[in-house]
Amino acid sequence: MYRECDEWSIYPYGYVDARGAPEQIGPGLSGVALYRGKTDDRRCQNFSSVVNNRSMTRPQAQPRAAYAHFSTITTRWMDNDMYGHVNNVTYYSYFDTAVNTYLIDAGVLDIHAGEVIGLVIETHCNYFAPLSFPKPVEAGIRVAHIGKSSVRYEIGLFEAGEPMAAACGHFVHVYVDRATRRPTPLPEAFLKALNRLQMTQ
């Protein structure tokens, strides 16, 4: 079922590694895969068919209690489109802003000179209600999965004061060496900051 490759590389559908047994980075992935293992076959398969065979449920808006940390994002005039609400693509910039602001404030991400940086290999968003300028957005974040060099962040975007998210989504970061762009294990301080974002079961 798993295609394995013998080194980390960027493929049309994700990253693969050679440091252990095949391992998927997290649940709910579609069209991108991160696996570990070794073989002479350097092609990486699209695993969306595997995901699509799972029982599918309709996405639901999440409450504030589903998230571990909140920050406020100021909307901008340019965020609204001609229909008077924040354009769908702008939500992804809010995801980046919420997660990276947390990491910078935690002292574990230096976007200008840090040796380790995160590259997005998958992102997704479900929309439930409109957001619009000039109302601020309150972004909740949590961590759903931590791998050796990968993290799945999940984000909820709320209109200020609203109990349910207007949009819910996720993205997967693979952390790499800034100079070589090769995946690198997450530093201990980074892991501690991520652990604070994990929700107890």
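The values are calculated or read from the model by the stated rules, or taken from the named source; none is laboratory data. Quick caveat: nothing in here was measured; it's all calculated off a predicted structure. A quick note on method: Cβ atoms are made from the backbone with ideal geometry, for glycine too, and the neighbour counts reach across all protein chains shown. Side chains included, ligands, DNA and RNA excluded: accessible areas come from the protein's heavy atoms. Shrake-Rupley method; radii C 1.70, N 1.55, O 1.52, S 1.80 Å.
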If the chain between residue 58 and residue 178 were fully extended at 0.36 nm per residue, the gain over the current Cα-Cα distance would be 39.3 nm
Net charge of neighbours whose Cβ lies under 12 Å from the Cβ of residue 123, counting Lys and Arg as +1 and Asp and Glu as -1 | -2
Report, to the nearest whole %, how much of the accessible area of the range 146-190 belongs to carbon and sulfur atoms, 1.4 Å probe, protein only.
-> 52
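Pop out the carbon and sulfur fraction of the accessible area of the range 66-123 as a percent, whole number, probe 1.4 Å. Can you show the working numbers first?
Details: 1860 of 3330 Å².
With neighbouring chains kept in place, the figure for the range 66-123 is 56 percent.
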Classify the range 92-201 as rounded, prolate or oblate, taking a ≥ b ≥ c as the square roots of the eigenvalues of its Cα gyration tensor: rounded when a/c is under 1.5, otherwise prolate if a/b is larger than b/c and oblate if not.
-> prolate
Note the full-extension length gain between residue 196 and residue 70 as 0.36 nm times their separation in residues minus their Cα-Cα distance, in nm to one decimal.
-> 44.1 nm
About the Cα centre of the range 134-179, how large is the charge dipole given +1 on each Lys and Arg Cβ and -1 on each Asp and Glu Cβ? Please answer in debye to the nearest 20.
-> 240
